[in-house]
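The values are calculated or read from the model by the stated rules, or taken from the named source; none is laboratory data. Everything quoted here is computed from the prediction, not taken from an experiment. In this analysis, Cβ positions are derived from the backbone assuming ideal geometry, glycine residues included, and neighbour counts consider all displayed protein chains. Please note that ligands, DNA and RNA were not included when accessible areas were found on the heavy atoms of the full protein model with its side chains. Shrake-Rupley method; radii C 1.70, N 1.55, O 1.52, S 1.80 Å.
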Amino acid sequence: MCFKRAAGRALLLAVLSPLLAACAPFHGRTEAYSQSFFAMDTYMTFTVYDDDAEDARAALRRAQDEIEELEALWSVTDQDSDIYAVNHSGGRSVTVRDKTAELLSFALKMARETDGALEPTLYPVLTAWGFTTDENRIPSGDQLAGLLEKTGFDRVVLEGNSVTLQDGMMLDLGAVGKGYAGDRAQQCLREQGINSALLDIGGNIQAVGTKPDGSDWKLGLRSPFGEGIFGTLQVSDKAVVTSGNYERYFIGEDGVRYGHIVDPRTGYPVDNGLASVTVIAEEGKLCDALSTALFVMGTEDAAAYWRIHQEEQPFDMILVTESREVYVTENVKDRFNLQDKYRDMSIYQIALSEKQE
Ligand code: AMP
Ligand code: MG
């Protein structure tokens, strides 16, 4: 749903260029234009930097339209959405829109690559915990065992735009959708001629280009312990996505904290000593899929996954453990700084060669 602006603008400049030499400056000052809205169950703020207020506002509108279109396709509760149709198909094949097929295909690929740590069919289990409705409860072990039988990414059949789920199985693409949406919003803005923007998608960041002065964006990383910003990260042209069970959780009657990221092997919220995982890469959808999956894997398996995938799927990560250790991959270590207040946290480097650690 994006409309190209760049070509039109180039043409206009070509036409005006003989005039420009003789006239006062044609462009205004580069300024920030922001737009906030609620979508995909979270607050989003898009800020673009441009020298033309009308162009900037039009680009922001297009990007928001794109997000709202995707939300309408992927909502699990909206009865007109593609995902709702698939989840209520009773085992029949459903034809979905191109963008849904693309997202599902990517989610299934990442589920395979992460050995099922990312599990796009976990919806029945998540519903039993009440994470989808915020009416939280602790399911019994038997109930979870029964529901886990209704999950399994390898049983989803996707052929072109046709999706077939066995009766009782249900999709939830919440762990990858916002990252993909960020990529699409970025693409929209680029097509509108915007080269510098910061997209905040519920705390996940898509940094488009550099700051208007050409320098890196300096992002604050939220402490998983609820104490504000614990560190900063300098990036340009990157997505930065964080997952953690501090983001959405409930305290059970047993006094235990249950978080919204569930281990697909057990059906229970992840409890492996990790507090948060931040993934940095070019594409938001990769960051989003990986931040959830690596959080499920835990520190050691996440480090192993990073080492194995550096060649064909480069990304970086910052892991924070419950015992306040911070593990940073070697490529991003110089771009990350702990805030003075958090000097009690210990920083470790994850190196390509295990021995260097
Ligand atoms: P994120 O914030 O990207 O880490 O995604 C977390 C959301 O994905 C949760 O709120 C659930 O809706 C869903 N989810 C929880 N555990 C998993 C999992 N292991 N695989 C895929 N989706 C999950
Ligand atoms: Mg995710």
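Of all the criteria given as (1) within 16 Å of ligand 2 (Cβ to nearest atom); (2) crowded, with 19+ Cβ neighbours inside 10 Å, the one not satisfied by Glu247 is (2). Selection of segment 121-150 for residues being without any contact (Cβ under 8 Å) to a residue 12 or more places away in the chain and either open to solvent by 50 Å² or more (accessible area, probe 1.4 Å) or of a type in the set (A, V, I, L, M, F, W, C) (or both) yields Thr133, Asp134, Glu135, Arg137, Ser140, Asp142, Glu149.
Does segment 60-72 include one or more residues that are at pLDDT 95 or above, open to solvent by 60 Å² or more (accessible area, probe 1.4 Å) and more than 14 Å from Ala181 (Cα to Cα)? Within segment 60-72, one or more residues are at pLDDT 95 or above, open to solvent by 60 Å² or more (accessible area, probe 1.4 Å) and more than 14 Å from Ala181 (Cα to Cα). Candidates Thr278, Thr329: the one that is within 16 Å of ligand 1 (Cβ to nearest atom) and among the hydroxyl-bearing types (Ser, Thr, Tyr) is Thr278. For segment 204-229, the set of residues classified as open to solvent by 40 Å² or more (accessible area, probe 1.4 Å) and hydrophobic (A, V, I, L, M, F, W, C) consists of Phe225, Ile229, listed by residue number. When Pro269 is tested against (1) closer than 26 Å to Val235 by Cβ; (2) of a type outside the set (A, V, I, L, M); (3) near ligand 1 (Cβ under 9 Å from one of its atoms); (4) touching an Asp or Glu at 6+ places or on another chain (Cβ under 9 Å), only condition (1) is not met. In segment 129-148, of all residues being within 13 Å of ligand 1 (Cβ to nearest atom) and hydroxyl-bearing (Ser, Thr, Tyr), the one that is farthest from Gly267 (Cα to Cα) corresponds to Thr133.
Scanning segment 76-85 finds no residues that are over 30 Å from Thr151 (Cβ atoms) and either in contact with a Leu (Cβ under 6 Å, 6 or more places away or on another chain) or among the aromatic types (Phe, Trp, Tyr) (or both). Given the structure, is Phe230 assigned to a strand (DSSP E or B), in contact (Cβ under 8 Å) with a residue 40 or more places away in the chain and of a type in the set (Phe, Trp, Tyr)? For Phe230, the condition - assigned to a strand (DSSP E or B), in contact (Cβ under 8 Å) with a residue 40 or more places away in the chain and of a type in the set (Phe, Trp, Tyr) - is met. Across segment 285-315, what is the total count of residues that are more than 11 Å from ligand 1 (Cβ to nearest atom), over 17 Å from Pro264 (Cα atoms) and not β-branched (Val, Ile, Thr)? Adding up the residues that qualify gives 14.
Which residues, taken from segment 28-56, are of a type in the set (Phe, Trp, Tyr), open to solvent by 40 Å² or more (accessible area, probe 1.4 Å) and under 22 Å from the mean Cα position of the chain (by Cα)?
Step one: filter segment 28-56 for residues of a type in the set (Phe, Trp, Tyr), giving 33, 37-38, 43, 46, 49.
Add one more test, that the residue is open to solvent by 40 Å² or more (accessible area, probe 1.4 Å), and what stays is 38, 43, 49.
The answer is Phe38, Tyr43.
Taken over segment 153-181, the criterion of being more than 16 Å from ligand 2 (Cβ to nearest atom) and open to solvent by less than 10 Å² (accessible area, probe 1.4 Å) is satisfied by Val163, Leu165, Met169. If you go through segment 86-118 and keep only what is more than 16 Å from ligand 2 (Cβ to nearest atom) and of a type in the set (Ser, Thr, Tyr), you end up with Ser89, Ser93, Thr95, Thr100, Ser105. Only one of the numbered conditions (1) surrounded by fewer than 20 Cβ atoms within 10 Å (Cβ to Cβ); (2) under 22 Å from the mean Cα position of the chain (by Cα); (3) within 14 Å of ligand 1 (Cβ to nearest atom) is not met by Asp98, and that is (3). Can you say whether Thr121 is away from ligand 2 (no atom under 16 Å from the Cβ) and β-branched (Val, Ile, Thr), as far as the supplied structure shows? When the stated conditions are applied, Thr121 does not pass them.
Working carefully through the options Ile201, Ile194, find the one that is away from ligand 1 (no atom under 16 Å from the Cβ), surrounded by 15 or more Cβ atoms within 10 Å (Cβ to Cβ) and either within 19 Å of Val328 (Cβ to Cβ) or not polar (S, T, N, Q) (or both). Please lay out each step first, then the result.
Values: Ile201 fails: away from ligand 1 (no atom under 16 Å from the Cβ).
Step by step, each of Ile201, Ile194 is checked, and only Ile194 is away from ligand 1 (no atom under 16 Å from the Cβ), surrounded by 15 or more Cβ atoms within 10 Å (Cβ to Cβ) and either within 19 Å of Val328 (Cβ to Cβ) or not polar (S, T, N, Q) (or both).
Can you confirm whether segment 230-240 contains a residue that is open to solvent by 10 Å² or more (accessible area, probe 1.4 Å), more than 13 Å from ligand 2 (Cβ to nearest atom), within 22 Å of Gly209 (Cβ to Cβ) and of a type in the set (D, E, K, R)? Yes.
Considering each residue of segment 109-118 in turn, none proves to be open to solvent by 30 Å² or more (accessible area, probe 1.4 Å) and of a type in the set (Ser, Thr, Tyr).
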